[in-house]
Each structure stands twice: as C-alpha cells, then as structure tokens.
Amino acid sequence: MPRVLVHLLRHGEVFNPDGVLYGRLPEFHLSERGNAMADMVAEHLLAKSKAGAKLVHLVASPLTRAQETAAPTAAALGLEITTDARIIEAENHFEGLKVSKAELLKPRHWRYFANPLRPSWGEPYVRQAERMMAAAHDARRRAFELGGDGAEAVLVSHQLPIWATRRSAEGKRLWHDPRHRECTLASLTTLVFEGETIVDVLYSEPAAVLLPGAATTPGA
C-alpha cells in the first residue's frame with residue numbers, strides 16, 4: 001500500500017484587537033507574530049524537504065489568514081496554492097461578536113444552545129469532519145500522482161475543522177470541551193495514509209517558541 005502524509009496546518013495568529021470570533025469573516029489578516037509563525041512553518045517544511053520529504057501539494061482555505069499562512073510555504077517549496085472551500089472555518093452563530101458571559105446570557109442567543117453535542121450554535125461537527133476528510137483524501141490522491149509512494153501534502157485550515165477531523169480519524173466522539181483541543185496556532189496535525197486507510201495521526205508544533213503570549217481567541 002502506498003504511504004502518503006497529509007498535514008493539516010492551522011493558520012498563524014490573527015490580528016484581532018477587538019477579540020471577536022471572526023469565523024468566516026473576510027479580511028482578518030495575520031498579525032506580525034502570525035506572519036512569523038507562517039515563516040517558521042515554511043522553514044520547518046523546507047528542512048523536511050531538504051532531508052528527503054516529498055512535499056508536492058499545497059492546499060489552503062479561501063480565508064485570508066489561511067492564504068497568508070500558506071504563502072511562505074509556497075515560496076519556500078516552489079508550490080502553487082490550491083484553494084479548497086471544503087477546508088474553510090466552521091460556520092458559527094456568534095461570528096463577529098465578542099463572546100463573553102454577558103453576551104451569551106442574552107435571550108436572543110438561548111435557542112442556539114439547544115444541543116451542544118451537535119453543536120446547535122454552528123456547523124455540526126460531523127459535517128466538518130466529512131468535508132475535511134473528503135478534501136484530505138483528494139489531497140492524498142493528488143500528492144500520490146505528483147510524488148508517488150511517500151508523497152506529502154499540506155492543507156492550511158482552521159482549529160475546529162482540524163480538531164473534528166483528528167477526532168474522527170482516531171475514532172473518538174466529535175463533541176468535546178473546546179478548552180482541551182490540541183491544535184495550537186501554526187501546528188501540524190498529520191494524517192498518515194496507507195492506501196485509503198489512516199494508520200496513524202501525528203502532531204507537532206513547529207512554531208511553539210512563538211506561542212507564549214499569542215492570542216487565544218478562536219476563529220470558531
């Protein structure tokens with residue numbers, strides 16, 4: 001069975017001085033730290049390439065922060081960025097709001113808390129995992145076409161869709177405590193495929209040195 005790695009890369013820190021849940025809103029750019037994170041990931045992937053890794057395919061969510069995170073890697077590896085809407089951020093009712101206890105207690109939001117296991121305030125976890133996994137399989141196939149056995153692809157996406165995909169790949173329930181997600185800014189969640197089967201899930205933080213002091217407001 002051919003072995004292919006698909007790396008799910010979370011974007012870098014976003015410039016978000018108002019601390020809103022930015023979701024799918026346009027024009028949320030990387031911060032200075034976020035750009036440094038993107039550069040650090042590109043350096044990490046370039047080092048892998050020089051060591052023999054066959055990084056042949058690069059895909060990004062259409063959102064600005066994902067495209068900006070992908071750009072240094074595209075330049076370093078000489079790859080074009082393929083845009084795939086299936087790896088976009090999750091839909092969320094609270095998009096554009098500064099989510100706080102006072103905001104959540106407003107009666108107009110109450111109906112969105114009907115089913116936290118789905119969740120009812122946004123795109124179902126199952127749907128996120130399904131669209132992300134479909135994109136990952138397409139990336140796996142394209143990487144194999146370009147590089148053969150041992151080829152690798154990078155998909156630049158967002159925390160919640162990546163986390164839902166990881167939990168699905170590991171056979172875990174999709175509902176979870178958001179505070180316990182292992183998917184930091186500019187982290188890599190790697191799906192290891194043998195043929196069409198995921199045989200392992202790896203995790204690394206190439207920009208870990210830049211995480212202390214980084215913004216913690218999630219996209220969704």
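Read-outs: derived from the displayed coordinates by stated rules, not from any lab. This structure is a prediction, so every number in the text was calculated from the model and none was measured. Positions of Cβ are generated from backbone atoms using ideal geometry, with glycine treated the same way; all protein chains shown enter the neighbour counts.
A compact table of results
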item: Residue within the range 163-175 that is of a type in the set (A, V, I, L, M) and either outside any loop (DSSP other than H, G, I, E, B) or on the phi > 0 side of the Ramachandran plot (or both) present; result: yes
item: Cross-chain or 6+ apart pairs with Cβ under 7 Å, the range 72-87 first and in contact (Cβ under 8 Å) with a residue 40 or more places away in the chain, then surrounded by fewer than 15 Cβ atoms within 10 Å (Cβ to Cβ) and not β-branched (Val, Ile, Thr); result: 86/134
item: Residue identified as among the acidic types (Asp, Glu), in a loop (DSSP other than H, G, I, E, B) and either surrounded by 13 or more Cβ atoms within 10 Å (Cβ to Cβ) or out of contact with any Pro (no Cβ under 9 Å at 6 or more places or on another chain) (or both) among 103, 95; result: 95
item: Tally of residues being without any contact (Cβ under 8 Å) to a residue 24 or more places away in the chain and either basic (Lys, Arg) or buried (at least 18 other Cβ atoms within 10 Å of the Cβ) (or both) across the range 139-153; result: 1
